[in-house]
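Structure, as structure tokens:
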Amino acid sequence: MNLASMAPRRRWLLLGLTALAVVALIAAGTVVITRLTGDGKPERTTPAAGSPSPSAAATPTPSPTGPPPGADITGPLNLLLVGVDTRVSSPGWEPHADAVLVLHVPKGLGRAYLFSLPRDLLVDIPAFPKADYKGGKTKLTHAMSFGSRVPGKPKQPSAAQGYELLRSTVSGYTGLRIDAGAVLTFNGFDRLVNALGGVDIYVDQRVASLHRRPDGKYRESAPGGYTGPQQVYEKGNQHLNGWQALDYARQRYGLANGDYDRQRHQQQLVRAMTRKILDEGLARQPERVDQVTAALGDTLIYVGGRRIVDLAYALSGVPEDRFVLVGLPGSGVGKGSAYRGEQITSVGRTFLTELRAGRADAYLAAHPTLVVKN
């Protein structure tokens, strides 16, 4: 069994993950993966306390008569996908997690659920000795920055190390063991979309950019905000290039529901890029796969106990119509100068409970507003 012989619609899940964090495209049985960690070796994650560890044994490339990679993976699987603001132009700038998405695939691998956690979600961040962090209750986005600190090297933060603390924090909040994940910088997202020739998306409301001008250049920073003309995304079907897709997915100020609208837009981009890849038959074009992965360079970090090819084959059979985007409603904690962050409402928290118990479908049927349609 090889990827070339698989129907395109059975590869959709793997390909859709490229939107924010994971790029693991396979052509003619070849895995194309970017740099994983500083020494070129995959970094292994540590499961949440009390959780069974996924097999870390590398699965050999299958022979024509042998089992495919990942044949032993039956689920459940949980992948953590992170979009990071690194501000590489500022030396020592600590990476912040601006987009935090979790993909849950139940046992049997017949269905998948993708949901976002607010960057400002008020959470308990555990102590992290590697970064000399004592632990505390604060916004989720800070888990990445606190964890990235390398003692003795204040100007050399580690995004891979930051991911480790973010993973532990997300696992503790959701109760889900995180099996693997990826971090994609904003620059990487820009490059990815351009390498795909842009993406088509339905803009569900008028969005004015805080950061960009209509020509794509950054707006001038000034006391109290930004100045100059703004790029505007009007409601309706739009074709977005790399910087536009990135800019659109980053906006939260001026939107009716702030960060919750931004989370929905990020999920919509996952779906839009999935369709783009499938419509082009990208996975059947090795030269295009090379272009996409080469464009990313070191802007992608993949972390997992199993090779990404194993996960790819394991997830390739999930039916397209069983990929569910879920929006978790939330509200602010405190107001004005006393604002502390966001909290997910009881309806959203109960979804996580039902997800762990294998009753997500019934719960979503009873709470259809949680399902992202557009």
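The values are calculated or read from the model by the stated rules, or taken from the named source; none is laboratory data. If you're wondering where the values come from, they're calculated on a predicted model, not measured in any experiment. Cβ sites come from the backbone with ideal geometry, for glycine too, and all protein chains shown count toward neighbours.
Couple of notes before you dig in:
- Condition check for Glu342: of a type in the set (Asp, Glu), touching a Phe, Trp or Tyr at 6+ places or on another chain (Cβ under 7 Å) and modelled with pLDDT of 75 or more: no
- Region 321-344, residues that are touching a Leu at 6+ places or on another chain (Cβ under 8 Å) and closer than 19 Å to Asn257 by Cα: Leu325, Val326, Gly327, Leu328, Pro329, Gly330, Val333, Arg340, Gly341, Glu342, Gln343, Ile344
- When residues of region 362-372 are limited to those that are touching a residue at least 40 places away in the same chain (Cβ under 8 Å) and surrounded by 15 or more Cβ atoms within 10 Å (Cβ to Cβ), the one nearest to the chain's Cα centre (by Cα): Val372
- Unique match (being surrounded by fewer than 22 Cβ atoms within 10 Å (Cβ to Cβ) and either closer than 28 Å to Phe351 by Cβ or out of contact with any strand residue (DSSP E or B) (no Cβ under 8 Å at 6 or more places or on another chain) (or both)) among Gly162, Gly136: Gly136
- The condition of being farther than 30 Å from Ala362 by Cα and modelled with pLDDT of 90 or more holds for only one of Lys134, Lys41, that being Lys134.
- Flag if Gln251 is farther than 30 Å from Leu122 by Cα and at pLDDT 85 or above: no
- One residue from Ala127, Ala112, Ala56 being surrounded by 12 or more Cβ atoms within 10 Å (Cβ to Cβ), modelled with pLDDT under 90 and over 21 Å from the mean Cα position of the chain (by Cα): Ala56
- Hey, Leu122 assigned to a strand (DSSP E or B) and more than 14 Å from the chain's Cα centre (by Cα) or not: yes
- Restricting region 145-193 to residues that are more than 22 Å from Leu77 (Cα to Cα) and among the hydrophobic types (A, V, I, L, M, F, W, C), the residue that is modelled with the lowest pLDDT: Phe186
- Filter result (in a loop (DSSP other than H, G, I, E, B) and free of Cβ contacts under 8 Å to residues at least 40 places away in the same chain) within region 326-361: Gly334, Lys335, Tyr339, Thr345, Arg359
- Lys335 meets the conditions (1) at pLDDT below 95; (2) under 15 Å from Ser116 (Cα atoms) in every case but one. The failed one is (2).
- Extreme residue, nearest to Ala272 (Cα to Cα), among residues of region 184-236 that are loosely packed, with under 15 Cβ neighbours inside 10 Å and touching a Pro at 6+ places or on another chain (Cβ under 8 Å): Val232
- Within region 186-207, residues that are without any contact (Cβ under 8 Å) to a residue 12 or more places away in the chain and small (Gly, Ala, Ser) reach no partner that is assigned to a strand (DSSP E or B) and buried (at least 16 other Cβ atoms within 10 Å of the Cβ) with beta carbons closer than 7 Å at six or more positions or on different chains.
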